[in-house]
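Remarks on the structure that follows.
Values quoted throughout were computed directly from the atomic coordinates according to the rules given, and no laboratory measurement underlies them. The structure displayed is predicted, hence computed values, not measured ones. Glycine gets a Cβ as well: all are built from the backbone with ideal geometry, and neighbour counts include every protein chain shown.
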Amino acid sequence: MDHPRGRQHPLLLDLLTPDFNAMDTIGTMGQDIKQIERLYDTVAREYAEAFSGEHEKKPQDQVILKRFARLIGDRRPVWDLGCGPGQTTRYLHDLGIDIFGLDLSTRLLEEARRLHPGIHFRKGDMLALDFKDHTIAGAVAFYAIVHFSEGQVRKAFREVFRVLQPGGLFLMTFHIGNETLRVEAFLGKPVQIDFMLFSPECIRNALEACGFAVNDVIEREPYPGVEYASRRGYVLAQKPHVSG
């Protein structure tokens with residue numbers, strides 16, 4: 001369900017004032033993928049209710065998604081990686097993009113299919129994409145790396161680079177910072193999971209190390225009363241065309 005305009009969704013109260021404990025460094029070992037999957041299976045319905053339609057309240061999201069849609073044009077296919085309940089998938093679908101959604105969580109995928117029955121969603125892992133090399137025109141990943149260590153981020157970027165066609169586009173977003181946040185309650189449910197914040201330089205370096213050309217990095221302040229109060233980053237990157 002979309003957020004009613006002009007008031008804060010009640011389920012966002014838990015997210016906007018979460019039980020966070022800051023840790024000093026970003027972990028290097030990485031979080032267990034099964035633990036991430038269990039978290040979102042547990043909160044799937046609450047997450048879908050809180051975040052469906054979130055782009056309507058975030059003007060910069062709309063600007064960058066429309067820009068991505070213009071750049072992709074009629075190229076296909078496009079995949080929304082870490083799609084959750086499908087809010088970004090739906091937004092781009094409504095802009096005319098031939099897009100599909102992929103997520104770890106079976107329960108979140110059930111919510112996505114319930115909310116967006118005309119769009120194809122499938123289960124998958126961004127760290128091990130089940131696609132052949134050079135087969136995807138574009139990919140988006142809105143906060144899909146939020147539980148990844150720096151090493152996992154680099155692995156995910158290598159996978160996206162592998163499956164993109166030459167000239168393929170990658171749009172991703174992240175929370176800006178240099179710390180790891182330990183969450184012990186999320187959307188009214190007791191959990192234990194880490195949220196990772198990254199500097200724009202870290203993300204740029206990780207993308208370029210994989211071979212991406214970084215076309216743009218945009219930073220913004222958080223939207224008060226709409227989202228967790230961290231600065232946000234958007235990155236538009238491209239897999240180079242084959243030379244010669």
**Message:** Which of GLY82, GLY30, GLY101 ends up with the largest GNM mean-square fluctuation for the chain, with Cα atoms connected below 10 Å?
**Reply:** GLY30
**Prompt:** Which net charge results when you count Lys and Arg as +1 and Asp and Glu as -1 among the other residues whose beta-carbon is under 15 Å from that of HIS134?
**Reply:** +3
**Complete:** Length-normalised contact order of region 103-244, Cα under 8 Å, at least 6 apart, in percent, tallies to 22 percent
**Fill in**
Given backbone amide H placed at 1.01 Å from N, residues whose amide H is under 5 Å from that of GLY177, ignoring those fewer than 5 places away on the same chain, are PHE198, SER199
**Asked** Under 5 Å between amide H atoms, partner at least 5 residues away or on a different chain: which partners does ASP194 have, H built in plane at 1.01 Å?
**Response** VAL183
**Prompt:** With r defined as the distance between the Cβ atoms of ASP98 and ASP32 and R0 fixed at 25 Å, what FRET efficiency is calculated, to the nearest 0.05?
**Reply:** 0.15
**Prompt:** From the phi of every residue in region 97-104, what ³J(HN,Hα) in whole Hz does the Karplus formula 6.51 cos²θ - 1.76 cosθ + 1.60 yield, where θ is phi - 60° and glycine or proline is x?
**Reply:** 7, 7, 10, 10, x, 9, 8, 6
**Fill in**
Looking only at lysines whose Cα falls under 16 Å of LYS58's and that sit 8 or more positions away or on another chain, we get LYS66
**Residue-count net charge about ASP103 - beta-carbon cut-off 12 Å; Lys, Arg +1, Asp, Glu -1** = -2
**Request:** Report the local net charge at ARG122: Lys and Arg +1, Asp and Glu -1, summed over other residues whose C-beta lies under 9 Å from its C-beta.
**Result:** -1
**Item:** Amide H contacts of ASP125 (H built 1.01 Å from N, under 5 Å, at least 5 apart or other chain)
**Value:** ASP130
**Asked** Which entry in [x] 48; [y] 42; [z] 57 matches percent of Cα pairs over 24 Å apart derived from the coordinates of this structure?
**Response** [y]
**Asked** So if we plug the beta-carbon distance of ASP216 and ALA128 into 1/(1 + (r/R0)^6) with R0 = 25 Å, what FRET efficiency do we get, rounded to 0.05?
**Response** 0.35
**Fill in**
Simple spin-label estimate for ARG75/GLN62, 7 Å along Cα→Cβ, in nm, reads 2.6 nm
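Taking the beta-carbon count within 10 Å as an exposure proxy, list ASP133, ASP103 from fewest neighbours to most.
Arranged by neighbour count, lowest to highest, ASP133, ASP103 become ASP133, ASP103.
First check a/c for region 32-77, with a ≥ b ≥ c the square roots of the eigenvalues of its C-alpha gyration tensor; if it is under 1.5, answer rounded, and if not, answer prolate when a/b is larger than b/c or oblate otherwise. Don't skip to the answer; put the middle values down first.
Details: a/c = 3.25, a/b = 1.72, b/c = 1.89.
Since a/c reaches 1.5 but b/c is at least a/b, the shape of region 32-77 is classed as oblate.
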**Request:** Among DSSP beta bridges lying fully in the chain, give the percent that are antiparallel, nearest 5.
**Result:** 60 percent
**Message:** I need the shape label for region 171-244. Rule: rounded when a/c is under 1.5, else prolate if a/b > b/c, else oblate, with a, b, c from the alpha carbon gyration tensor.
**Reply:** prolate
**Prompt:** So, with +1 on the Cβ of K and R and -1 on the Cβ of D and E, and no other charges, what is the size of the charge dipole of region 144-244 about its Cα centre, to the nearest 20 debye?
**Reply:** 300 debye
**Request:** Sort HIS241, HIS93 so that the residue with the fewest other Cβ atoms within 10 Å of its own Cβ comes first and the one with the most comes last.
**Result:** HIS241, HIS93
**Complete:** Applied in sequence order to region 52-59, the curve 6.51 cos²θ - 1.76 cosθ + 1.60 (Karplus, θ = phi - 60°) yields integer Hz couplings, x standing for Gly and Pro, of 4, x, 5, 5, 5, 9, 10, x
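By count of other Cβ within 10 Å, fewest leading, how are THR42, THR88, THR106, THR173 ordered?
Taking fewest neighbouring Cβ atoms as first place, the list is THR106, THR42, THR173, THR88.
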**Request:** Evaluate the relative contact order of the chain (contact order divided by residue number), counting alpha-carbon pairs under 8 angstrom at least 6 apart; express in whole percent.
**Result:** 23 percent
**3J(HN,Hα) from dihedral phi, region 40-46, Karplus parametrisation 6.51/-1.76/1.60, rounded to Hz, x for glycine, proline** = 6, 5, 5, 10, 4, 5, 5
**Request:** Could you compute the FRET efficiency for GLU179 and ARG45, with r as their C-beta to C-beta distance and R0 at 25 Å, rounded to 0.05?
**Result:** 0.25
**Fill in**
Summing -39500 (n - 2.57) over every DSSP H run of at least 4 in the chain, dividing by its residue total and rounding to the nearest 500, the 222 nm mean residue ellipticity is -9500 deg cm²/dmol
